[in-house]
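Novice: Please find one structure pasted underneath; my questions will follow.
Derivation of every value follows stated rules applied to the coordinates shown; laboratory data play no part. Since we're looking at a predicted model, the values are computed, not measured. For neighbour counting, all protein chains shown are included, and Cβ atoms are generated from backbone atoms with ideal geometry for every residue, glycine included.
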Amino acid sequence: RFPLSGAHLAVACNQCHVNNQYAGTSMDCFSCHQTAYERTTNPNHVAANFSQDCASCHTTAAWQPSTFDHSRTRFPLLGAHVTTTCTQCHVNNRYAGTPTDCFACHQADFQRPTNPNHVTLNFAHDCTACHTLNAWLPATFDHDSQYFRIYSGKHREKWQSCATCHVNATNYQFFECINCHEHDKTRMDDKHRNRQDYQYNSQACYRCHPRV
């Protein structure tokens with residue numbers, strides 16, 4: 001009822017049949033692998049109250065490496081999460097009820113940036129708006145379709161960082177055009193000489209040129 005396969009082929013009989021007990025020997029993995037189950041600390045099987053069904057992660061080929069089909073959970077592992085150790089997300093061996101929202105694990109990543117400063121700007125905790133599962137950086141934001149074209153058009157590769165235009169680090173509703181274009185004031189004044197509503201300030205620039 002228990003055909004030998006994998007590493008079991010090389011195991012001495014008395015390792016499973018203790019005290020020469022052959023009849024009625026348990027076929028349950030845990031009966032032989034209890035010590036390995038209790039010894040494991042990452043993840044800590046005992047503290048996390050893991051199932052004693054060893055075959056859900058281990059194979060007869062070898063006890064290590066072990067695998068767990070995380071796709072059977074509510075949070076399938078993709079991208080960089082595939083190589084993340086269990087305890088990076090499951091802190092203090094908490095496996096049941098672990099939060100699945102990005103911010104729960106990436107709070108420090110959210111609080112660390114200064115350009116832009118996510119905290120002072122009160123950014124949403126929806127990390128996927130800018131970050132991907134492949135890597136936390138580089139991050140991208142769909143600025144072109146939502147606000148102003150900076151990845152295409154005339155402003156492509158003309159800026160260094162968010163702070164190039166958003167000089168107020170606590171309010172990104174404000175932006176400056178003339179920090180870059182101030183050296184063109186004379187030329188701009190001349191080009192707009194016949195425009196009665198012309199003003200050389202950022203709000204006026206954007207009002208007339210929202211999709212440059």
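Novice: Just subtract the alpha-carbon distance of Leu137 and Asn122 from 0.36 nm times their residue separation and send over the number in nm, one decimal.
Specialist: 3.4 nm
Novice: Here's a follow-up. Sorting Met188, Met27 on the 10 Å Cβ count, fewest up front, what's the list? Spell out each step's value before the answer.
Specialist: On the way: Met188 16, Met27 9.
Listed from fewest to most nearby Cβ atoms, that is Met27, Met188.
Novice: May I pose another question? What are the ³J(HN,Hα) values, in whole Hz, obtained from phi via the Karplus relation 6.51 cos²θ - 1.76 cosθ + 1.60 with θ = phi - 60°, for each residue of segment 92-105 in sequence order, with x given for Gly and Pro?
Specialist: In residue order, the calculated couplings are 6, 6, 8, 10, 6, x, 5, x, 9, 7, 4, 4, 4, 9 Hz.
Novice: Hey, got the Cα dimensions of segment 6-56 along the principal axes, in Å, largest first?
Specialist: Cα extents, longest axis first: 34, 21, 18 Å.
Novice: If R0 is 25 Å, what FRET efficiency do you get for Ala104 and Asn42 from their C-beta distance, rounded to 0.05?
Specialist: Between Ala104 and Asn42 the formula returns 0.80.
Novice: Report, to one decimal in Å, the Kirkwood hydrodynamic radius for segment 38-164 based on all distinct Cα pairs. Walk me through the numbers on the way to the answer.
Specialist: On the way: mean 1/r = 0.0559 Å⁻¹.
It works out to 17.9 Å.
Novice: Using +1 on the beta carbon of Lys and Arg, -1 on that of Asp and Glu, and nothing else charged, what's the dipole of the chain about the Cα centre, debye to 20?
Specialist: It comes to approximately 500 debye.
Novice: Setting aside same-chain residues fewer than 8 positions from Lys158, which aspartates and glutamates have a Cα under 16 Å from its Cα?
Specialist: Result set, ordered by chain and number: Asp144, Glu176, Glu182, Asp184.
Novice: Separate question: Enumerate cysteines in the chain without a disulfide-compatible partner, where compatibility requires another Cys Cβ under 4.7 angstrom.
Specialist: Taking the Cβ cut-off of 4.7 Å, the unpaired cysteines of the chain are Cys13, Cys16, Cys32, Cys57, Cys86, Cys89, Cys105, Cys130, Cys162, Cys165, Cys180, Cys208.
Novice: In square nanometres, what is one fourth of the surface area of the convex hull spanned by the alpha carbons of the chain?
Specialist: One quarter of the hull surface, i.e. the mean projection, equals 17.5 nm².
Novice: Please give the helix 29-39 orientation as an angle from the longest Cα principal axis of the chain, in degrees from 0 to 90, rounded to the nearest 10.
Specialist: So the helix axis and the longest Cα principal axis differ by about 50 degrees.
Novice: Would you calculate a helix-derived [θ] at 222 nm for the chain, using -39,500 (n - 2.57) for each DSSP H run of n ≥ 4 and dividing by the full residue count, to the nearest 500?
Specialist: -5500 deg cm²/dmol
Novice: Per 0.36 nm of contour for each residue apart, how much would the distance between Thr59 and Phe174 grow if the chain were fully extended, relative to their Cα-Cα spacing?
Specialist: Extra length available between Thr59 and Phe174 comes to 35.5 nm.
Novice: Here's another thing I want to ask about it. Where the centre of each part is set by its Cα atoms, how far does segment 178-200 sit from segment 100-121, in angstrom?
Specialist: 39
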